[in-house]
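Beneath this line is the structure, given in structure tokens, with notes to follow.
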Amino acid sequence: MTQPTAVRTDLLALTPRTLASLANRGLIKRAEKDLAAGSGPEVTVADDGTVRGRFPDGTDTTLPPGLGLDAADCGCAATGVCRHRIGLVLAYQRTAGSAPEDDSPAAKAEFVDWTPAEFDDDALTAALGRAALSAAQRVKDRGYVARLHRPTAAAPEPRVELPTCTVRFPVPHELGYALTDASAALRGEVVALAVWAFRAADGTDGAKTAEATATAQSAAGPAAPAAKTHATTATATPNTPTPPR
């Protein structure tokens with residue numbers, strides 16, 4: 001097994017809870033069982049951070065940087081996130097010596113104070129596709145309200161409550177791992193709306209800033225009553241430019 005030449009902080013940030021949201025707990029248990037039995041992949045890491053794994057059954061799996069697990073390459077016949085992708089993540093975490101065993105504060109990575117407002121429309125288009133951005137733009141043209149929860153040490157995932165669903169960003173600075181309880185068909189659309197809400201609230205939307213308003217307030221975090229969770233309500237208004245076609 002070769003030593004990593006580049007640290008994949010996105011893969012190290014994937015806790016069992018996040019992996020279960022990306023796939024399911026059954027796949028995680030299967031992958032953990034394979035690793036314990038010595039049936040895990042041989043892990044190699046390229047200079048650019050691409051993580052590759054070859055499994056004993058001959059399956060090759062590749063996790064490129066900047067992409068979520070659903071966009072990774074795997075030689076198996078499964079559609080979507082499979083046990084090979086999960087197994088490669090877990091094997092890489094063990095190789096790097098940082099496998100989070102649970103979701104307790106002690107098992108989590110160092111808190112990162114960041115905002116999804118950092119993703120511009122080019123990043124959204126690359127990760128979500130033009131069709132998703134066009135659908136999101138139609139919603140924004142009508143106007144929508146979003147409640148933003150900024151990251152804290154107690155609740156480190158930025159998240160957005162939209163009228164019909166919630167979007168959360170479990171991995172700092174990585175758009176490909178965004179999670180939502182919306183249907184798969186609507187994922188790209190609602191993730192774009194969530195990012196735009198953060199940009200409007202943070203005043204980083206360029207020309208769009210004057211067409212969005214935000215008021216800030218604090219609320220107690222449900223899992224930690226003594227801690228403060230910073231929440232912002234952002235209202236996006238119509239007449240914003242459409243993304244490039």
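Taken together, the values in this text are just the output of simple stated rules run on the coordinates, not laboratory data. All values derive from a computational prediction rather than experimental measurement. Here Cβ is always computed from backbone atoms with ideal geometry, including for glycine, and neighbour counts include all displayed protein chains.
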Study note, to complete from the structure: FRET efficiency (Ala123, Ala37; Cβ distance; R0 45 Å; to 0.05) is 0.70
Point to revise | Span from the segment 109-128 Cα centroid across to the segment 39-62 one, whole angstrom | key: 27 Å
Review point. Where Lys and Arg each count +1 and Asp and Glu each count -1, what net charge lies around Ala123 among other residues with Cβ under 12 Å from its Cβ?
Key: -4
